[in-house]
Structures are given as C-alpha cells and as structure tokens.
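The structure under discussion appears below in the form of structure tokens.
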Amino acid sequence: MADPFPPDGFRQYPGLLDHTAQQALAAAVLALLDEAPAYHATMPKSGRPMSVAMSNAGRLGWYSDRDGGYRYVERHPQTGRPWPAIPAAALGIWRQVAGWPDEPECCLINLYRDGAKMGLHQDRDEAELAAPVVSISLGDEAVFRLGGTLRGGPTRSLKLASGGVLVLGGAARLAFHGIDRVLGGSSRLLPGGGRINLTLRRVTRL
C-alpha cells in the first residue's frame, strides 16, 4: 500500500518571514559563516564531496566523511572550535511552528551555489526521531522534491521561496526529500545569489 501524500505531519508555511525578517536572519547566518566557515562534507561510500556547502550552529553539528560516516560532532571539523549559537530568530521560528517542548540542538546550514542540489534522502541520523525537523528557506527559490517513507515511492515537487518554512513531523519526519535545483536569480536577498536552507533539529533524547 502506497504512503499517503503528503505524509501526515508535513506542514508548509509560505512567506512566514517578511522581507525585513529575511534580511535580518540572512545577515545573522552570513556573520555566523565568518566564524564557522562552510565546508563540503563527503559521502561515506564514494568519498565524493557533496555539492552543497554546509556549516552548523548549536551544541551539535552534522558532518560526514569517509572514515566516520554520517554523524553529529561538537566542533567544526576545520577550525576545531565549538559551533556558534543558533540565531535567535531561527529559535523563534522553531518555537512558533515545531510544537515540541525542547529546543533544537542543531541548526544545519546548507548553502546552495553554482548548481548545487541535494538527492533524495531521509533525515535519520538523530537519536530523537519523534521531534520534527523545521526547515527555513532564504534566497533563491528551489524545486523541492517530497516523497513518502518508502524508498522508490512516488514523489512530487513544489517550489520553496525565500521566507517560507516547512515542518517535517509525525510520519513525514522520515519522508524522503531533496532539492532538484535552485532557480538562480529569483531572489536578491543573498550577496552573490544562491540559497541558504536552515534545518533545526533535536538530536539526543532527554
């Protein structure tokens, strides 16, 4: 039997952030990237670098390499410093839409430039899979692909515009999803163009 679409627990909030709020959050994230520079994690099996550059904020940061695989680490893999704090505006969005009592421990920052994309995948490297993932879009529009919880099942695509927020909770917490492409030039929010995606996550169980 096919999974329902969209999966239960998937919620979309287009335009949740107005332009002023987008500018403020983008500025905070870009300042954070000066402290915790973006890097290209590698895929464990192939050892190939991901096309998306990334960094993190919060107590824990997501990382991947050939030796250790997908995991969360407490320090930036290049600088050795602890991750900077999650921007207050991002925490405010989590409190507004997550419906979860505990604060996120990780804000994964994905920076899409120069044709970067993200293949279909599940977010399942966390011990706490009951908590939702909250996703915030800034900058150029992206074509987002969403499936169900079964690999190889049907998928559909939708556009994600700057200032929009997604919540993947409930059954949708383990839905396959990815970014097919970014529509370059569709936003002037980020210097040099491109897209930033923030995903707020609980990692450990209390």
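Couple of notes before you dig in:
- Listed from fewest to most Cβ neighbours within 10 Å, the set T199, T20 follows the order T20, T199.
- Over every Cα atom in segment 4-78, the radius of gyration and the widest Cα-Cα span, Dmax, amount to 16.0, 42 Å.
- Efficiency of FRET between R124 and K45 - r from beta-carbon atoms, R0 25 angstrom, step 0.05: 0.95
- Pairwise Cα separations in the chain fall into 5 Å bins from 0 onward with the following percentages, short to long: 1, 7, 16, 21, 22, 19, 10, 3, 1, 0.
- Separation of alpha-carbon centers, segment 8-23 and segment 119-133, rounded to whole Å: 20
- D8-L183 FRET efficiency (beta carbon distance; Förster radius 25 Å; 0.05 resolution): 0.30
- Mean residue ellipticity (222 nm) of the chain, computed from DSSP H runs ≥ 4 via -39,500 (n - 2.57), nearest 500: -4000 deg cm²/dmol
- For K45, K159, K117, order by how many other beta-carbon atoms lie within 10 Å, fewest first: K45, K159, K117
Throughout, read-outs are computed from the coordinates displayed, never taken from laboratory work. Keep in mind that what you see is a predicted model, and the values were worked out from it rather than measured. A quick note on method: Cβ atoms are made from the backbone with ideal geometry, for glycine too, and the neighbour counts reach across all protein chains shown.
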